[in-house]
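Student: Next up is a structure, given as structure tokens.
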Amino acid sequence: MNESDKRYGLLTETSDVSETLTPELQRHLPPATALNWLRAGWRDLIAQPGPSLAYGLAVFLVSVLVVSGLFSYGWGQILFPALAGFLVVGPVLAVGLYQKSHAIQTDVPVSLNDMLAVRARSGIGQIFFVGVLLCLVMLLWVRAAVLIYALFFGYLPFPGFDHMTAVLLTTGTGWGMLFTGTIVGGLFAAFSFATGAFSIPMLLNERTDAVTAMSRSMAFVWNNVPVMMAWGAVVLGLSAIALLTGLLGLIVVFPLLGHATWHAYKAICRPDLLKSDASSSAAPVGGSAELAR
């Protein structure tokens, strides 16, 4: 490597993964920490449960309306991509829940009106920008699902879920579509999860812009992969439970995940907030145990 390469940070040899990591962003939290965030979210949920459950009920009703609209217009074939896309825009919809968790942290009373009229330090326009971008990703995801179906089945009409399940699991074409859809969907999911994991709480609590918040969110996720993979599994598992209950579980699951996400943000992006929490409660804690709360 010559001097000009060093000056501009260029690599002339293949680098390993460790060279893409930033020690300052690593928290070295065990995967089980994700369950601690979930427990902290539950505490926020049952503290003044009315506003949180009302928030979850509103998300449930909107979801039912969207699903009913898909079947009414004959778009049932994109139901599962649309439900998966819901996870993409979920962080934006949960902004009021972050507001409640932040208010609980600062001992400020909060009502449903306060959760709906969010006051973000970065400005509501920055949150709106992230929301629009995530919605575009969701629409692109749904469009990709339609194209994958057309790639394997051509112009054949959607045969309905009963027949489609048999086709997917008993034919080579079906398995090919499942494999391709899983790879493409996984790429969309990884990008969406990384950009949306912390960007909205960051915009709510800090003065920054949307692009910086999304890039920092991706950096924090990349530097804390084990615990973030565990958190992603928790989100996916609870979302599956909500789906199996006919979306009725969203009334509890959505606010629970929203509140827990705020605690994930504190542990990964703002451990100084945990320190301030500990000092205000005058409880002696250690460094690593403090981050795991």
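The values are calculated or read from the model by the stated rules, or taken from the named source; none is laboratory data. Here the structure is a predicted model, which means the values were calculated and not measured. Positions of Cβ are backbone-derived with ideal geometry, glycine not excepted, and every protein chain shown enters the neighbour counts. Side chains are part of the model used for accessible areas, which takes the heavy atoms of the whole protein and leaves out ligands, DNA and RNA. Shrake-Rupley method; radii C 1.70, N 1.55, O 1.52, S 1.80 Å.
Student: Can you send over the solvent-accessible area of Arg39, 1.4 Å probe, protein chains only, in Å² to the nearest 10?
Tutor: 130
Student: I'd like the distance between the alpha-carbon centres of region 60-92 and region 164-237, rounded to an integer number of Å.
Tutor: Region 60-92 and region 164-237 have Cα centres separated by 18 Å.
Student: Spelling out what I want: for every residue of region 168-184, take phi, set θ = phi - 60°, compute 6.51 cos²θ - 1.76 cosθ + 1.60 (Karplus), and round to whole Hz; glycine and proline get x.
Tutor: Using θ = phi - 60°, the values come out as 5, 9, 10, 10, x, 5, x, 5, x, 5, 4, 5, 5, x, 5, 5, 5 Hz.
Student: Another question, then. Where nothing but the Cβ of Lys and Arg (+1) and of Asp and Glu (-1) is charged, how large is the charge dipole of region 96-228 around its Cα centre, in debye to the nearest 20?
Tutor: Using only the charged Cβ atoms, the result is roughly 200 debye.
Student: Let me ask another. Would you kindly find the accessible area of Met138, with a 1.4 Å probe and non-protein molecules such as ligands, DNA and RNA excluded, rounding to the nearest 10 Å²?
Tutor: 40
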